[in-house]
Amino acid sequence: MKLLGVIFFALFFIQCATLKLEENPPFTIKEATYANWVGGMPGSGGINITFYYEANSTVVFDSIYFKGRKTKVQLRKDRKGTNLFGKFYRKTKNNNDLELNKDATKEYGNKPPKKEDEFPFQLKENEAIITYKEEGKTKYYKVENIKKGKRIMMQ
């Protein structure tokens with residue numbers, strides 16, 4: 001009886017941990033592209049991702065998950081139409097707040113490394129997840145076959 005209870009308990013939490021992807025969102029992705037960008041300063045750069053879409057009703061977009069990272073959605077309009085835009089900045093290591101010393105007591109005040117949030121999806125190189133809200137619930141939609149564009153040089 002205990003074994004049955006443990007199995008039920010484990011299955012319940014596995015089910016809760018699985019995020020359900022939507023098959024028919026209230027919008028259609030017409031075009032999806034991403035491009036690496038580099039800035040004028042050494043070490044500056046990242047990835048821009050753009051989704052052109054159509055929707056018959058108002059959709060509240062939230063975030064984009066792409067290449068192991070997450071960013072907030074920005075809504076934009078340009079000559080091609082309305083788009084969802086996400087900007088991912090290159091990760092930089094900043095160890096300025098660490099004081100390393102042979103005497104461990106002199107390292108007092110060093111902050112422990114910040115643990116990054118776990119990425120909740122397994123995606124291919126050219127896949128992303130768009131999150132949006134519908135009736136107060138967060139929903140997830142996978143976009144596949146995102147095309148890679150040319151590198152952008154910024155000044």
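The values are calculated or read from the model by the stated rules, or taken from the named source; none is laboratory data. These figures come from a predicted structure and were not determined experimentally. Ideal geometry is used to build each Cβ from the backbone, glycine not excepted, and the neighbour counts take in all protein chains shown.
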query = Residues of the stretch 42-63 being at positive phi and surrounded by 13 or more Cβ atoms within 10 Å (Cβ to Cβ), which ones?
reply = Gly45, Gly46
key: First in the stretch 16-31 and surrounded by fewer than 13 Cβ atoms within 10 Å (Cβ to Cβ), second anywhere and part of a strand (DSSP E or B) and at pLDDT 90 or above, Cβ under 6 Å, 6 or more apart   = Leu19/Tyr140; Leu21/Tyr140; Leu21/Lys142; Thr28/Glu54
task = Would you tally the residues in the stretch 74-90 being buried (at least 19 other Cβ atoms within 10 Å of the Cβ) and among the aliphatic types (A, V, I, L, M)?
result = 1
request  = Output the number of residues of the stretch 39-80 satisfying the condition of being assigned to a loop (DSSP other than H, G, I, E, B), closer than 19 Å to Gly149 by Cβ and without any contact (Cβ under 8 Å) to a residue 12 or more places away in the chain.
outcome  = 1
ask   = Taking the stretch 70-110, which residues are among the charged types (D, E, K, R) and at pLDDT below 70?
value = Lys93, Asp97, Glu99
task = Could you run through the stretch 36-51 and say how many residues are over 15 Å from the mean Cα position of the chain (by Cα) and of a type in the set (A, V, I, L, M, F, W, C)?
result = 3
task = Output the number of the condition that Ile64 fails; it satisfies all remaining conditions of (1) of a type in the set (A, V, I, L, M, F, W, C); (2) modelled with pLDDT of 95 or more; (3) farther than 14 Å from Thr131 by Cβ.
result = (3)
